[in-house]
């Protein structure tokens with residue numbers, strides 16, 4: 001699936017998406033706690049890769065952090081810029097991040113790789129590694145399930161990953177796994193599918 005087709009799908013559903021998952025208050029406390037803890041372990045500039053309407057970008061900013069939101073959906077970017085005019089949002093692809101080599105302290109990819117075809121994930125992870133400083137941190141959130149298996153996401157086709165399969169790809173791309181987690185969804189959450197996350201550090205090559 002191309003960036004253009006993913007962007008078109010999200011542009012068409014942006015208003016409905018923002019209504020149910022457009023504010024930090026709509027996110028589960030477990031996710032907020034995990035991302036806050038990760039944020040506090042990072043230094044330098046952070047990238048919210050696949051920022052959507054910008055809620056996690058603002059959360060990462062935390063009143064003082066240097067953070068950039070990146071997305072391919074123009075509708076999401078327009079909403080993010082209206083809602084968070086104090087933050088920087090850019091249009092761009094994970095495949096070619098608009099940042100210099102070793103310029104980022106951390107990358108958050110929170111459910112933003114789920115539509116990337118599995119065969120393209122290794123290249124995206126290598127691009128993340130290129131952009132991160134040595135010892136820079138990557139936090140990925142994803143749907144836990146049979147790795148690479150497609151499913152009918154509400155917006156457009158997405159893919160499950162397992163911690164084991166994704167960890168292998170991260171290690172191959174130059175990362176060291178720091179922590180992983182799995183959990184079932186609470187009744188009031190936006191999604192009902194099982195959640196997983198992986199935190200990894202870029203190795204100093």
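Each value in this text was obtained by applying a stated rule to the coordinates, not by laboratory testing. Computed from a prediction, not measured in an experiment: that's the story for all the values here. Ideal geometry is used to build each Cβ from the backbone, glycine not excepted, and the neighbour counts take in all protein chains shown.
A few comments on the model shown:
- Cα gyration tensor category, rounded, prolate or oblate, for region 63-139 with a/c compared to 1.5: oblate
- A protection proxy built from the mean count of other Cβ atoms within 10 Å ranks the segments 87-94, 124-131, most packed first, as 124-131, 87-94.
- Using a Förster distance of 25 Å, the FRET efficiency for residue 44-residue 172 (Cβ separation, nearest 0.05): 0.50
- Quarter of the Cα convex hull surface for region 1-58, i.e. its orientation-mean projected area (nm²): 5.0
- Shape of region 74-190, Cα gyration tensor, a/c cut at 1.5: oblate
- Note on residue 64 and residue 153: the model spin-label points, each 7 Å out from Cα along the C-beta direction, lie 3.5 nm apart.
- Expressed as a fraction of 2.2 N^0.38 Å, the value expected for a compact globular protein of N residues, the C-alpha radius of gyration of region 3-202 is 0.93.
- Here the relative contact order of the chain, from alpha carbon pairs under 8 Å that lie six or more residues apart, stands at 18 percent.
- If you plug the beta carbon distance of residue 23 and residue 1 into 1/(1 + (r/R0)^6) with R0 = 30 Å, you get a FRET efficiency near 0.65.
- Ratio of the Cα radius of gyration of region 110-155 to 2.2 N^0.38 Å, where N counts its residues: 1.29
- For the chain, DSSP calls about 50 percent of its internal beta bridges antiparallel.
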